[in-house]
1. Provide the per residue accessible area, probe 1.4 Å, for the chain, rounded to a whole number of square angstrom.
2. Quick one: if you stick a label point 7 Å off each Cα along the C-beta vector at Arg10 and Gln176, how many nm between them?
3. Test of understanding: in a Gaussian network model of the chain with alpha carbons linked when under 10 Å, which of Gly31, Gly294, Gly99 would top the mean-square fluctuation ranking?
4. When the dipole is taken about the Cα centre of the chain, and only Lys, Arg (+1) and Asp, Glu (-1) are charged at their Cβ, what size is it in debye, to the nearest 20?
5. Pick from Thr71, Thr59, Thr89: which residue has the top mean-square fluctuation in a GNM of the chain where Cα pairs under 10 Å get a spring?
6. For Asp77 and Leu262, what is the calculated FRET efficiency with R₀ set at 56 Å and r taken between the beta-carbons, to the nearest 0.05?
7. Please compute the alpha carbon radius of gyration of segment 188-234, then divide it by the globular-protein estimate 2.2 N^0.38 Å. Two decimals is fine.
8. Using just the helices of the chain, give the 222 nm mean residue ellipticity in deg cm²/dmol: DSSP H runs with n ≥ 4 each add -39,500 (n - 2.57), and the total is spread over all residues, rounded to 500.
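The values are calculated or read from the model by the stated rules, or taken from the named source; none is laboratory data. Keep in mind it's a predicted model, so treat the numbers as computed, not measured. Cβ coordinates were reconstructed from backbone atoms using ideal geometry, including for glycine residues, and neighbour counts include every protein chain displayed. Accessible surface areas use protein heavy atoms only, side chains included; no ligands, DNA or RNA. Shrake-Rupley method; radii C 1.70, N 1.55, O 1.52, S 1.80 Å.
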Amino acid sequence: MSFRALLTDRDAEGKVTSAVEVLDDARLPEGNVTVDIDWAGLNYKDGLCLTGGGGLVRTYPHVGGIDFAGTVRDSDDIRYKAGDMVVLTGWRVGETHWGGYSERARVNADWLVPLPQGLTTRDAMIVGTAGLTAMLAIDRLEAAGLNPEAGEVLVTGAAGGVGTIATSMLAKLGYQVAALSGRPQHAEALKTLGAAGVIDRAEFLAQPDKPLESARWAAVIDNVGGKVLGKVLKQVKYGGSVASIGNAGGIELSTNVLPFILRGISLFGIDSVMQPYSTRVAAWARISGTFDLGAYAGLVREVGLEELPEAAREILAGEVKGRVLAKVG
Ligand code: NDP
């Protein structure tokens, strides 16, 4: 039996390239569940894996794709049987284990969750790692006391995958959302998703930097890190909190302790990769009831396996709007 996959390889000079190849089932990695994949997502991390960035992929040839959804083909695990619809995100699949840019994957049953009720495999990949992480961030902020009466919530990197889904879900949950974006051309799309206002990133960063700035945000979902996160922390209202998800703008964090000790703010890190099964299932269930897939339709772009290397370049350059889906099966 054979299947098509986007195989990523590195040559003797260290150049990383990807091409679609037909592979034999014998080349699938170890695992106890084999899945026929319908759809995979494209995330910032996939951009890194397809281009050799970030040192995430250590062994070549490799198959990228950190999330996928499809149908179980065969299973040696009691929890899954042939025909079951499943979703996989995280667990370093697509980084250290062959991932979703393939018609077939073999994985550990512990990494799978059943396809949430009410979602198709395509819907699940519109959500993907991006939407799961946005939901985990909202859950964390609410566990710290956030509610719609607390005030405005800022989403940074708003036009990207996590940012657009976070904006949409927060608005649906009744929050007033401000979207910070470096791409003013997407302001209308963000407002359609439910953002009450859109802030231009360049103007935001150009404002004078002070140890404590006017308190504006009840909470922040930050996908950017770097200078944006450093400045945002100084604008969080008393007792508010920030969920740090990403580093699209840099891994550094330069700030000071005054917002923490004078305003009692909190900074939470959000990780979607190693979350236990029960947390994932609960987050997916809340997503099914919260995320308005119809309203998001215009922010979804479909590509084939062959088009993923170019899409990877685009996501790393901050050029992707919303979610890119790879149609695999
Ligand atoms: P996207 O590329 O879709 O979105 C990132 C957004 O960040 C861009 O759309 C852009 O938003 C903004 N951005 C890009 N470059 C810069 C820059 N140089 N300076 C400031 N802002 C920039 O990626 P994802 O939404 O998939 O992921 C967002 C981040 O979250 C990534 O860093 C990713 O690795 C991380 N992540 C972390 C997870 C976790 O488990 N912690 C899970 C998923 C993602 P705009 O155009 O609006 O300015």
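1. On the way: 13580 Å² over 329 residues.
Each residue of the chain exposes 41 Å² on average to a 1.4 Å probe.
2. Using points 7 Å along Cα→Cβ, the separation is 5.0 nm.
3. Top of the fluctuation ranking is Gly294.
4. 880
5. Most flexible of the set in this elastic network: Thr59.
6. Values: r = 52 Å, r/R0 = 0.93.
Approximately 0.60, to the nearest 0.05.
7. On the way: Rg = 11.8 Å, N = 47, 2.2 N^0.38 = 9.5 Å.
After normalising by residue count via 2.2 N^0.38 Å, the value is 1.24.
8. Numbers: 10 runs with 97 residues, N = 329.
Theoretical 222 nm ellipticity from helices: -8500 deg cm²/dmol.
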